[in-house]
Each structure stands twice: as structure tokens, then as C-alpha cells.
Amino acid sequence: MDDLTALRELRGDAPAAEAGQLARGRWKLMAAAVAEEESGPARARQNRLPRGRLLRGRLRSTVFAAVTAAAVTGGVLVALPGSSGGPDGAAEPQTVATVLAAAAVTAEQSPLPRPTADQWVFHDEVACDAGCGINPQWVKGDGSLWVTPEKRPVPGKKPVLEQRPTPRNAAVDDIRFEPIKTYDAFAQLPTDPKALLKKVSTDPRFILVHPMPDQPRPPVLPTASPSPVKIKVRDPKTGKLVTRTVWSRWPVPPARVPAKPIRLTPEMQYQNILALMQQAPVIPPKVNAALFKALALIPGTELVKTPMKDAFGRPSITISATRDSTGWLLDRNNPGKFKKVVTHFTTYLFLDPRTYAFRGYRTLIDDGHGIVPEERTRKATAVVDKPGTVEGGADWVGYKLPKWDGIPAPRQER
């Protein structure tokens with residue numbers, strides 16, 4: 001007789017654990033394991049443990065990994081931040097680290113394969129700014145063709161599709177419209193989170209966020225007439241300096257001063273990884289998991305306590321990061337003068353509350369006069385055999401979106 005059978009016979013009258021109790025126990029186990037994994041001294045002490053204790057520690061880590069995977073795929077880690085986690089109403093000990101650890105497990109178990117040259121990568125997405133628009137698209141695996149509806153999709157109807165060559169005018173287009181090349185490029189990235197974070201923050205191939213740098217001083221007013229000036233600029237694809245001639249009324253740096261690439265702040269690193277996740281058609285599972293682990297290394301991220309809804313109206317686990325940028329605008333009340341303006345950027349990552357799968361992100365741009373929201377949210381991604389179809393081969397049909405409430409309550413002054 002095995003131990004589990006003996007235990008069941010001994011406590012056969014004990015009631016089965018409820019889902020909330022199981023979820024709470026798994027969250028405690030996850031939080032403890034994440035804290036131990038991040039502790040350097042704990043790891044050093046483990047290296048000095050006797051062999052028997054070391055084996056037990058490794059066994060515990062193996063059991064934790066299996067329990068975490070089963071918990072995520074089984075949908076028991078369901079408590080949203082700030083919600084009650086069980087019959088006693090106790091909130092689960094969720095943190096940015098534990099949520100991203102669960103997201104990494106889900107990402108590594110992704111069933112999406114590397115597409116073949118004749119297959120198509122299907123994205124069912126919504127893009128929002130002033131309003132929202134449904135943007136289904138099918139990109140051929142070899143990057144030669146791009147298929148989208150000719151007109152705005154009508155709910156319940158199959159759209160007429162338009163097929164055209166894929167764009168080739170920006171780094172983001174290379175990421176979006178080259179499924180096989182993009183997959184292979186991502187496959188070459190390191191899976192160590194620290195090395196991966198450094199690579200995608202410095203390699204121009206993987207930098208999709210190019211914000212304007214801070215302006216600590218007011219700009220110089222333009223001259224009376226434009227004149228040709230040779231300047232050095234950095235090619236976004238190759239990262240090399242090239243010479244360009246521009247006509248400008250504004251003072252520009254001399255050609256002998258090389259243009260320096262913008263260093264990504266932690267908040268920009270966060271936004272850049274979200275853009276990569278959104279734009280890349282298919283990412284190798286191990287690298288995708290490492291991207292979530294890299295997000296956990298970025299300081300300044302916070303778990304949003306009140307569940308937020310994405311553009312599809314789905315309540316989501318949400319992680320935010322905020323940065324401030326200083327700039328200058330012409331002062332209408334004082335001709336020829338500038339006034340200092342601080343713009344707040346807040347970016348929210350949306351994750352499925354059951355599986356922790358990536359759903360998309362929203363950025364709020366607040367310049368003190370109003371909030372401008374932008375959102376890119378994903379409903380489904382699949383590798384299919386022909387355009388116009390979804391996973392399983394059925395035809396894609398239009399649908400109605402809920403009312404979008406992309407602007408939250410007014411920002412509180414800090």
C-alpha cells in the first residue's frame with residue numbers, strides 16, 4: 001500500500017479542500033519560492049548544505065515547479081488583486097514577481113509553433129485611441145503577403161479580404177510582417193532574464209520605443225529662413241551612424257558630434273518589452289517566458305489593486321509602470337517665451353486572470369491638460385493554413401465591441 005492510499009483511508013471523513021483554499025496555499029508556496037529564488041545569500045547557503053538537505057531542497061523546487069504549472073493551467077490561481085481569495089475573504093499574496101512567474105510558466109507552455117512559409121499567422125486585435133477599431137490580420141509565414149478586411153468588419157458577417165504586399169518601411173514592420181525571420185531572430189536571444197533585458201534594450205533590431213528625450217532647458221527659437229545642414233543620425237535598423245542633409249530653421253548639432261542612442265529608462269524598457277510581445281507574430285516559448293522574467297527585473301512596476309478591463313471588456317490582472325518626461329511649449333501669453341511641461345506616461349500590462357497569458361497593453365499620456373489613451377489588445381493569435389480563418393479552420397466573422405472606457409479617474413497629484 002502506498003502512502004497516499006494510507007493517508008486517504010486514515011482521514012477518509014475529511015472534507016475536500018475548496019478551490020479558494022487550494023489557491024491560497026499555492027499562492028503562499030509561489031510567493032515563498034520566488035522570494036527564496038531572488039535571495040542571493042539563501043542560494044549561497046544552499047551550496048554549503050549537506051548532500052541530503054540539498055537533495056531535499058532540489059526536490060522541493062521540482063515539486064513547486066510542477067504545482068505552479070498545474071495551478072496555472074488548471075485555472076485555480078484566479079484571485080484578482082484586491083479580491084477575496086477564499087471563504088474567509090483573505091486576499092491572496094500576489095506580487096508583481098509571483099504574477100509574472102505564473103505568466104512565464106504559461107508562456108513556456110505556448111502551443112504556437114514556428115510557422116512554415118505557406119502558413120499564415122492570424123492576429124485578432126483591437127487598436128484604440130479616440131475610439132476602438134477591430135484589426136484582424138493574416139501575415140504569410142514567408143513575409144510576402146498581408147491580408148486584412150477591405151472595410152470595417154460588420155458584426156456577424158464574414159468580411160471581404162484585401163491581399164497586398166507587406167510593408168517594409170520601419171523596424172516595427174520587420175517585426176510584425178516577417179513571421180519566420182522574427183521567430184528565428186527571437187530564438188537567438190538569450191533566455192537568461194538579465195542578459196535578455198540588456199539585449200532588447202540596446203539592440204536596434206528589438207527597440208520599438210523611441211520617445212523624445214527630456215529637455216532640461218528651453219529650446220532656441222528658429223532662425224528666419226531654413227538652411228542646409230549636414231548631421232549625423234543613427235540608422236534604426238543597423239545602429240550605424242550615417243550622414244543626412246536637412247533643411248532646418250532650428251539649430252542642430254554639428255556633423256562632428258555623433259548622435260548618441262537614447263538610453264532606455266526602466267519604464268521605457270517595460271514599454272518596449274510589451275511592444276515586442278504585441279507586435280511579434282510568434283515568439284519561441286522559452287524566450288517568451290524569459291521576457292516575462294525580464295519584466296520582473298524592472299524596478300518601479302506595480303500591481304494594480306483594482307481590476308481593469310481591456311478593450312474587449314475583459315477584467316484583467318494589471319501591472320503598471322509610470323514615467324515623467326520634461327519638455328517645453330511656446331507660452332501663448334508670453335510671445336517668444338517657453339513654459340515647462342511635465343508629461344506623465346502610464347503603461348498598463350493586461351494578463352488573463354486565469355491563465356496569465358498576455359492580452360495587450362494601454363498607455364495613458366497626461367500632459368496636465370487632458371489624458372490621451374492608446375491601447376493595443378489581442379483577442380486571439382494562431383497559426384492557420386489560409387487567410388480569413390481562425391484556429392480550427394472556421395471563418396473569421398465580425399463582432400461588436402463593448403463601450404471602451406480607456407480613460408480612468410483623474411490623476412492624483414503626487
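In this structure, does K286 turn out to be among the charged types (D, E, K, R), under 30 Å from P115 (Cα atoms) and surrounded by fewer than 20 Cβ atoms within 10 Å (Cβ to Cβ)? Here the answer is yes, as K286 does meet what is asked.
Of the residues contained in region 350-357, one or more are found to be out of contact with any helix residue (DSSP H, G or I) (no Cβ under 6 Å at 6 or more places or on another chain), open to solvent by 30 Å² or more (accessible area, probe 1.4 Å) and touching a residue at least 12 places away in the same chain (Cβ under 8 Å). With respect to the conditions (1) in contact (Cβ under 8 Å) with a residue 24 or more places away in the chain; (2) not in a loop (DSSP other than H, G, I, E, B), P115 lacks only one, and its number is (2). V139 fails exactly one of the following numbered conditions: (1) touching a helix residue (DSSP H, G or I) at 6+ places or on another chain (Cβ under 9 Å); (2) in contact (Cβ under 8 Å) with a residue 40 or more places away in the chain; (3) at positive phi. What is the number of that condition? Among (1) touching a helix residue (DSSP H, G or I) at 6+ places or on another chain (Cβ under 9 Å); (2) in contact (Cβ under 8 Å) with a residue 40 or more places away in the chain; (3) at positive phi, V139 violates only (3).
Here is a yes/no grid of residues against (1) modelled with pLDDT of 80 or more; (2) among the acidic types (D, E):
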site	(1), (2)
V139	yes, no
W146	yes, no
E162	yes, yes
D174	no, yes
A185	yes, no
L189	yes, no
K199	yes, no
T202	yes, no
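The values are calculated or read from the model by the stated rules, or taken from the named source; none is laboratory data. No experiment lies behind these values; they were computed from the predicted model shown. Neighbour counts run over all protein chains shown; Cβ positions are idealised from the backbone, glycine included. Just the protein is used for accessible areas: all its heavy atoms, side chains included, with ligands, DNA and RNA removed. Shrake-Rupley method; radii C 1.70, N 1.55, O 1.52, S 1.80 Å.
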